[in-house]
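Student: Take a look at the following structure, please.
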Amino acid sequence: MDVANLNPVASASEGLAERQKPMKRSDGKLKMGGVVAATPLLVLLIGFLVIPLSYIFWGSFEGTKLNFAHYGRVFASAANFNILLHTLRVGLIVTVVSLLLGYPVAYLLTKVRSLSLSILGVLILIPLFTAFLIRTYAWMIILGREGIINNALIWLGVISAPLQLLNTTFAVVVGMTHVFVPMAIFTMYSAMARIDHDYAHAAQILGAKPVQAFLRVYLPMTLPGVFSAGILIFITAIGFYITPALLGGPSDTMISQLIVDQMTTLLNFELGYASSMVLLFVTIAILFVASLFIPLEMIWSSATSSPDREPRAAARLLKRVKRMLGPLVAVIEGGTHAVTRPLLTKNGGWLWAYTVAILMFLTAPLIVVVILSFSSSPFVVFPPPGFSLQWWQKLANAADWHQSFFFSIQLGIAAAFVATIIGTMGAFWLVRTKFLFKTMLFLVSLSPLMVPVVIIATSLYVFEARLKILGTFAGLVIGHVLLSVPYVIVVMAAALRNFDASLEPAAAVHGARPHQVLRLVTLPILKPALLTASLLAFLTSFDELLVGLFLLGRQTPTLPIKFWADIKYQIDPLLSAASTLIVVLVTASIITVQLIRARHEKRTAASAAE
């Protein structure tokens, strides 16, 4: 007789062990699935971000020579140090202005109905996804000596001679603000949309003035979102290249331009490495300071700070400062209430008027470009003296533009396809697998968004040269995939967090195999998110200039590089025709995605009602 049959405890233990075997096998499959899902993302990040960055860090002090003189040159040279300070100053100005301009619009978006929200969203998304180069080209026309602003001021009699608006810091700030306002609006809106307006209403019922309810109740609740938007804009702005290079003058050189010149013109690679590392250290320092106030994952995802979480040290310090400034705040509230009282109407007329003005600021440059594409003049003159299709005919016959356009389409599709696969697998791994340091790894997966693009471009340039893939299509795709993957992860992670987790087990209970559950249940539900992620990846690749400049080699120039080469030497309406074509394609893509999302949400709501 078996001993186990005589011992009930041993028998029960064996039975428990037998029942746990399938669970262990299931856990093992989950872990194996997590490893498979994570591998492409980790290979991409380690192989083409961490190692290249380590390589230029090593080169910045010439490896074993430990020669830190290049860092000394960055700070000891007055010119280089001034460029660094100017970069930080412009980044701060652009950040503050973008937040101030975007906050009221983001607030309005939380108050309007779904149809108005969709329309306003599309009008803000179009400039957001239109190439930086096109928007900068438009501002070159508007701010030029013969531009719209100077002509309007002369016509009104305000000035007698054209003002120097182009090639100034003012032009750089205006151009960069135009780029970042849509980003500020959507980042702050994502935080504001989760705030219940009834809190402010309750404060007014209890006797608070509207200004007090806003300043003491609503505004503090939105500050994490505002801070997130500010950090995102600032670290992106200090690595900006296109707008300062085209709209600024010699005294407006920013550090990204300095790095490019050191690497491509002066061929002083060690100094370029050191400058890149300084910019990277500044970015890391900013993120560290930001982490004292908010969880960093808030900046790039829909994650929120839990109300139960203990406020961070810096946040507690701010609360104490706020209490100390209480009397001053009361005076400000009283003054603000007196000024804004006539404007505070129930229908929010002033808010709508302000939003329309911001939308005009965002879309007017694109409208100017579209109008100029039909100009009869051989020069860029606004308003055009007559209507003509000559520039469209010229574009139709421009073989070099066709080659660049189709090469960019080909590159964008390849990059979007690979980035969507890697990013989606990575999102599944980050959301559905349980492991330690999940938040840290989520941030690591988004690290290409934190590192200035100019540093990624220079590090890949050096690293791919050693791998002998520099100047190849594969090398170019890798660079674009690296920049696109974080957007895919953000979109897909948000979709997976909102996914009804009961649907997949229900399908499995009814006999569906894992691959059938994935194909017939999971992916169809995630289709709108997949489409959005793919479009974001495609547009990121389609708009990318710096990585292309470093990694292209002798291949056909991409559309941004073709645009860049032409715009540096001459401005003619042919660029307007090419820009208009891109704006139309971007607009059509955004509207298509919005319609698909609306249709999917309608179907989901109908299914839930049944």
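The values are calculated or read from the model by the stated rules, or taken from the named source; none is laboratory data. It should be emphasised that the depicted structure is a prediction, and the values quoted were computed from it without experimental measurement. A quick note on method: Cβ atoms are made from the backbone with ideal geometry, for glycine too, and the neighbour counts reach across all protein chains shown. In case anyone asks, the SASA skips ligands and DNA or RNA and just uses the protein heavy atoms, side chains included. Shrake-Rupley method; radii C 1.70, N 1.55, O 1.52, S 1.80 Å.
Student: What size of dipole, in debye to the nearest 20, comes out for the chain about its Cα centre when the only charges are +1 on Lys and Arg C-beta atoms and -1 on Asp and Glu C-beta atoms?
Tutor: Taking the Cα centre of the chain as origin, the dipole is about 1100 debye.
Student: Set the Förster distance to 22 Å, then compute FRET efficiency between Gln393 and Ile371 from the Cβ-Cβ distance, nearest 0.05.
Tutor: 0.80
Student: I would also like to ask the following. Can you list the residues, at least 5 places off or on another chain, whose amide H is less than 5 Å from the amide H of Ser375, using H built in the peptide plane?
Tutor: Ser388
Student: Once the dipole of the chain is set up with Lys and Arg at +1 and Asp and Glu at -1 on Cβ about the Cα centre, which of Ile259, Ala200, Leu389 lies farthest towards its positive end?
Tutor: Going by the Cα projections, it comes out as Ala200.
Student: Fully extended, how many nm does the chain gain between Arg603 and Leu223 (0.36 nm per residue separation, minus their Cα-Cα distance)?
Tutor: 133.3 nm
Student: Using a Förster radius of 60 Å, what is the FRET efficiency between Ile413 and Ile159 based on their Cβ-Cβ separation? Nearest 0.05, please.
Tutor: Once the sixth-power term is evaluated, E becomes 0.80.
Student: Rg (Å, one decimal) plus Dmax (Å, integer) for the alpha carbons of the chain?
Tutor: In order Rg, Dmax, the Cα atoms of the chain give 27.3, 112 Å.
Student: Cut-off 15 Å, label point 7 angstrom out along Cα-to-Cβ of Thr264: give me the residues of the range 454-486 whose amide nitrogen falls inside.
Tutor: Residues 454-462, 471 qualify, since their backbone N sits under 15 Å from the label point.
Student: Related question: Give me a comma-separated list of calculated 3J(HN,Hα) values for the range 219-236, in order, Karplus coefficients 6.51, -1.76, 1.60 applied at θ = phi - 60°, integers in Hz, x for any Gly or Pro.
Tutor: Going residue by residue, I get 4, x, 6, 8, 4, x, x, 5, 5, 4, 4, x, 5, 4, 5, 5, 5, 6 Hz, with x marking Gly and Pro.
Student: Per residue, what accessible area does the chain have, given a 1.4 Å probe and all protein chains present, in Å²?
Tutor: Accessible area per residue: 50 Å².
Student: In degrees, nearest 10, range 0 to 90: what is the angle between the Cα axis of helix 349-372 and the longest Cα principal axis of the chain?
Tutor: Long axis of 349-372 versus the principal axis of the chain: about 70 degrees.
Student: Just to be sure I understand the model, the point goes 7 Å from the Cα along the line to the Cβ. What's the resulting Ala501 to Phe437 distance in nm?
Tutor: Rounded to a tenth, the inter-label distance reads 2.4 nm.
Student: With respect to the cross-link table entries Lys438/Lys562; Lys111/Lys438; Lys468/Lys527; Lys31/Lys602; Lys434/Lys527; Lys111/Lys602, which display a Cα-Cα separation exceeding 30 Å?
Tutor: Lys438/Lys562; Lys111/Lys438; Lys468/Lys527; Lys31/Lys602, as the Cα separations exceed 30 Å there.
Student: Also: Could you tell me what percent of the accessible area of the chain is made up of carbon and sulfur, with a 1.4 Å probe and every protein chain present?
Tutor: C and S fraction of accessible area: 68 percent.
Student: Identify, among Tyr241, Ile422, Leu585, the residue whose Cα sits farthest towards the positive end of the charge dipole of the chain, taking +1 on the Cβ of Lys and Arg and -1 on the Cβ of Asp and Glu, with the dipole about the Cα centre.
Tutor: Final value for the positive-end residue is Ile422.
Student: What FRET efficiency comes out for the pair Lys568/Glu62, r = Cβ-Cβ distance, R0 = 41 Å, nearest 0.05?
Tutor: With R0 = 41 Å, the Cβ-Cβ based efficiency is 0.75.
Student: Continuing with this model, one more query. Which loop trypsin sites (Lys or Arg not before Pro) in the range 396-499, with loop taken from DSSP, have no more than 12 other Cβ atoms within 10 angstrom of their Cβ?
Tutor: Passing sites in the range 396-499 are Lys434, Lys468.
Student: On a C-alpha basis, how far is the centre of the range 105-157 from the centre of the range 576-609 in Å? Whole number, if you could?
Tutor: Comparing the Cα centres of the range 105-157 and the range 576-609, I get a distance of 20 Å.
Student: Among all stretches of the chain without exposed chymotrypsin sites (Phe, Trp or Tyr not before Pro) (DSSP loop, at most 13 other Cβ atoms within 10 Å), which one is longest?
Tutor: The longest such stretch corresponds to 69-378.
Student: Going toward the positive end of the dipole of the range 427-505, with +1 on Lys and Arg Cβ and -1 on Asp and Glu Cβ, which of Ile469, Ala494, Phe435 do you reach last?
Tutor: Most positive-ward Cα: Phe435.
Student: Here is a follow-up. If a paramagnetic tag sat 7 Å from the Cα of His201 along the Cα-Cβ line, which residues of the range 104-124 would have the backbone N under 17 Å from that point?
Tutor: Under cut-off, by backbone N: 108-114.
Student: Looking at the square roots a ≥ b ≥ c of the eigenvalues of the Cα gyration tensor of the range 456-610, which shape do they give, rounded for a/c under 1.5, prolate if a/b is larger than b/c, or oblate?
Tutor: In terms of gyration-tensor shape, oblate.
Student: Classify the range 45-146: rounded, prolate or oblate, from the alpha-carbon gyration tensor (a ≥ b ≥ c, eigenvalue square roots; a/c under 1.5 rounded; otherwise prolate if a/b is larger than b/c)?
Tutor: prolate
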